[in-house]
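Structure first, commentary second.
The values are calculated or read from the model by the stated rules, or taken from the named source; none is laboratory data. Everything numeric in this text was worked out from a predicted model, so none of it was measured. Glycine also receives a Cβ, built like all others from the backbone with ideal geometry; neighbour counts cover every protein chain displayed. Ligands, DNA and RNA are stripped out before the accessible areas are found, and what is left, the full protein with its side chains, is counted by its heavy atoms. Shrake-Rupley method; radii C 1.70, N 1.55, O 1.52, S 1.80 Å.
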Amino acid sequence: MKYMCIIYGDEAKQPQPGTPEMGQLMEDYMAFTKDIQEKGVMIAGDPLQPVATATTVRVRGSKTETTDGPFAETKEQLGGYYILECKDLDEALAYAARIPTAAFGSVEVRPIMVFD
Amino acid sequence: MTLASLEQTQIAVRDMVREEWGHVLASLVGQLRDFALAEDVLQDALVAALEHWPRDGVPTRPRAWLLQTARRKAIDKLRRAANFRSKRAELTILHELDRQTRQDNVDDTIADERLRLIFTCCHPALAEATRVALTLRTLGGLTTEEIARAFLLPEPTMAQRLTRAKRKIKAAGIPYTVPEPDQWAARLGSVLSVIYLIFNEGYSAFSGDAPTRADLCQEAIRLGRILTRLVPTEPEAAGLLALMLLHDSRREARNGPKGDLITLEQQERSRWNRDLIDAGTRLLDDALAQGDPGPYQIQAAISALHAQAQSFAATDWSEITLLYNELYALQPSPVVSLNAAVALSYAQGAEAVLPMLSTLERQGALDSYQPFHAAHADILRRADRKPAAANAYRRAIALTTNMAEKRFLEGRLNSMLH
C-alpha cells in the first residue's frame, strides 16, 4: 500500500536556518531519506518552502480569488511529505516515527486512494 | 420434529452461535482480510445454521461447519463481485482452504487468528471508544444492539461507529498480525487497557437501573480469560484477569438494597464471593512468580490485600501504601498519588495526609476528577475539618453523574452541616 506521510511543524519554534540545530536536522533528514531509498520504500518526498511563500486560490462561480497565505492558519504548518510503499499501516507508522520532525512536530499518515 | 423441541434446538443454536462467533469470525477475517465481508458471510452462515440444524441436527463439529459454510458464501460473493479479476487470488486460497478443512483440526489455527484479531481491534490507530466496541462485537460476539445498550448510546450511532472502524481497518491497511517484538509491549498494553475499560464501564455502573452494564464485567472477564490462554507467558495479562476477578468478588456486597453504593469500609465481607477471590489470588500468585511485576499485577495485589483482610480496620494499609508507591514508580500519575494518600490516611491517620492532598489540589490536574473531591472530602471529614469537608463534598456532588453515589455524598454533606 502507498502512504503519504504529511509533516507538520511549528515554523517559529523549530530549528532556524543557519543554526547548528538546522544543520543537524538536515543531516538527519538526509540519513533517513537515504535509508528509505536504499530499502526501496520511498516513492517520493520533498520539503516545502516556508508557509510565508504560500498562496491560496479559490474559484467561486467564474471568479478566481487569490489570497496571500495558507489555506488555514494553524499552530503547526505543512512542511513537507514523503510517499512510502509499505506492506501495512504498522510499517508506515514505524517509518513515520523516524521522520526527524516527528520528534518535535507531528506526522500525519494517510493511505493513498486506489481505484480498482 | 415437534414445535417444542424445534424451539429448544433454536435456543441451543443461538447459545452456540454466541460462543462460536469470535472463533469463526477471527478465522474468516484472517483468510478474507476483509472485516465487513467476513461478518456478512458469517451472518449468512448463521442463518443457514438456524435453518439446517434444528431440522438435520447439530453437526458434530459446529465450528468447522460454520467456517466452511461461511467460506463458501464468501466464494459465491467474490465470484459475483464486479472486480472478479482482482479477487482471483483470494478465490484460489479459499478453494484450497475449503478442501483442507475436511481433514484438519481448525481449532489450533483459530487460536492464532484470534490473537491477531485482538491486536487489530485494539490497534492504537482506532479511537479508544471504537476499540472497545469492536472488541466486544468481534471477539465477544455481542450484537450491535447489545453494545449500544451497554454504553447507553442509540443503536444507529454504535452501528455507524463500527462501520467506520471496519472501513478504516481496510482503507488504512491496519494489519491482521501479531505486532513485532519492538512494538509488542505497547500494543499488548493497548489490548489490556481496552479489556479493563470494558470491565470498568460495567463496574462503575453498579446501580440497579442499568442491569445490562453489569454484564460488561462478565464480558471483560471472558475476554481476559481468552487473552491469558492466548498469551500464557505474559504476567500482566494474568494480572489483569486476577484484578478483574478480585474486584468482581465484591460486586454483590457493594450494591445496597436500593441500588445504593456501599463503600469498602461498610461492605458485609461475608457477601464477598470466595470462589472469585481464590481464583484471582491463585492467578496473581502464578503471575508474580514470573518475576516481572507490572501495573495490573500491582493493582491486583492491592485488591488481594483487601480481600484477605478480616475487616476494614484489619487491612494491611502500610503494605497497600507501599504497593501504590511501587505503582507510582511505573505509572507516575496524580490518580496514583491520590490512592497512595488515601491508603496512607488509614495507616497513619487522616491528619497526616492533608498536606499531600493540598499539594495535589494546587497542582490542579485532578480539578474535574470526581474521585479526588470525594476522597478529599472523606479525609477532611475524618480529620474533623467540617467546613472544608462540606466544600469538598459540594464539589464532588457537582461532578457526580451516578444517582446512587450522589445520594450517598449528599448524606455525608448533610452530616457535615449539623
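Looking only at the stretch B:315-346, residues that are of a type in the set (D, E, K, R) and under 21 Å from B:Leu366 (Cα atoms) come to 1 in all. B:Val335 meets each of the listed conditions (1) of a type in the set (Val, Ile, Thr); (2) assigned to a helix (DSSP H, G or I); (3) at pLDDT 95 or above apart from (3). Against the test of being open to solvent by 40 Å² or more (accessible area, probe 1.4 Å), at pLDDT 85 or above and within 26 Å of B:Asp15 (Cβ to Cβ), the options B:Glu201, B:Glu145 yield a single qualifying residue, B:Glu145.
Return yes or no: is A:Ile36 touching a Leu at 6+ places or on another chain (Cβ under 9 Å) and surrounded by 10 or more Cβ atoms within 10 Å (Cβ to Cβ)? Yes. In this structure, does A:Thr33 turn out to be more than 30 Å from B:Pro181 (Cβ to Cβ), away from chain B (no Cβ under 14 Å) and of a type in the set (Ser, Thr, Tyr)? The answer is no for A:Thr33.
Considering the stretch B:110-132, the residues that are farther than 18 Å from B:Tyr176 by Cβ and part of a helix (DSSP H, G or I) include one that is most open to solvent (accessible area, probe 1.4 Å), namely B:Glu128.
Candidates A:Gly18, A:Gly45: the one that is open to solvent by less than 80 Å² (accessible area, probe 1.4 Å) and of a type outside the set (Ser, Thr, Tyr) is A:Gly45.
Residues of the stretch B:161-168 include at least one that is open to solvent by less than 60 Å² (accessible area, probe 1.4 Å), on the phi < 0 side of the Ramachandran plot and within 18 Å of the chain's Cα centre (by Cα).
Among the residues of the stretch B:151-182, those identified as within 14 Å of another protein chain (Cβ to nearest Cβ), assigned to a helix (DSSP H, G or I) and of a type in the set (Gly, Ala, Ser) are B:Ala165, B:Ala171, B:Ala172. For the stretch A:63-107, taking the residues that are open to solvent by 80 Å² or more (accessible area, probe 1.4 Å) and within 14 Å of chain B (Cβ to nearest Cβ), the one that is farthest from A:Ile7 (Cα to Cα) is identified as A:Lys87. Restricting B:Leu264, B:Leu276 to residues that are over 21 Å from B:Leu188 (Cα atoms), outside the structural domain of B:Phe408 (by TED's automatic domain parsing) and in contact with a Ser or Thr (Cβ under 6 Å, 6 or more places away or on another chain) narrows the list to B:Leu276.
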